[in-house]
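Any read-out appearing in this document is the output of simple, stated calculations on the displayed coordinates, not a laboratory observation. What you see is a predicted model; the values in this text were computed from it and never measured.
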Ligand code: IPE
Ligand code: IPE
Ligand code: MG
């Protein structure tokens, strides 16, 4: 049987180009992107994917025009308001990773509501990376480690890769097996740098609003055909 990824992470890119190709404003691309997200969560659930992480807003996206930022914040709110009940009904647990304190209080409240309402669900996990950047995440973890060491409650000699992992926003979340990026770009853009150490990558030419069930299925098939060695040798070679 084909190996299915436990955790699929998606860099949802290309909303702006999708809109431009249709002579529409960028915000229309973001709206269509939310529709693709909704369909992708359903499809991933149907395919038995246990963890789905989506990159929705990066710590660098603050450099965009104010109006676009406010559109993106509005869409996050709309997504949670409109979709939370369905997610909850389908047993989806929602978690948000990223910096919260520089978000508007009403957004923070919605994120907290989504997490607390769904905290006991276990059919599937949806992780939304919002105002997320890996370098900030790692720096924040190191700050906490350093302050605990300075207070004498943590032995610096005992710090391992696992220790650091447990201080990241993604503590308790398995590393992504498969990372998909749409829009033809082939880079991480500060997404899950630490967690992606042994992820498989699938880069798709389509823009995010055009991503559908068939694309997800094809990416999962491509993953199943990969030979993951984690630095070792493959199973057949090991016995010969
Ligand atoms: C992805 O689409 C959505 C976010 C980054 C929030 P873009 O807005 O980056 O679309 P392009 O890359 O400009 O086409
Ligand atoms: C990455 O896309 C962030 C998200 C998809 C949320 P960007 O469009 O911001 O990345 P770059 O600027 O092309 O690297
Ligand atoms: Mg982009």
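Side notes on the structure shown:
- Average Cα contact separation per residue, the chain, under 8 Å, 6 or more apart, as relative contact order %: 29 percent
- Note on the chain: semi-axes of the ellipsoid equivalent to its C-alpha gyration tensor, largest first and rounded to whole Å, are 28, 25, 18.
- Taking the inverse of the mean 1/r over every pair of distinct Cα atoms in segment 32-175 gives a Kirkwood hydrodynamic radius of 16.6 Å.
- Segment 135-160 and segment 186-224: distance between their alpha carbon centers, rounded to Å: 32 Å
- P(r), alpha carbons of segment 100-204 - 10 Å bins starting at zero, rounded %: 12, 35, 36, 16, 1
- In units of the compact-protein estimate 2.2 N^0.38 Å, segment 145-222 shows a Cα radius of gyration of 1.52.
- Normalising the average separation of contacting C-alpha pairs (under 8 angstrom, six or more residues apart) by the number of residues puts the relative contact order of segment 103-205 at 26 percent.
- Computed helical MRE - 222 nm, the chain, DSSP H runs ≥ 4 contributing -39500 (n - 2.57), nearest 500: -14000 deg cm²/dmol
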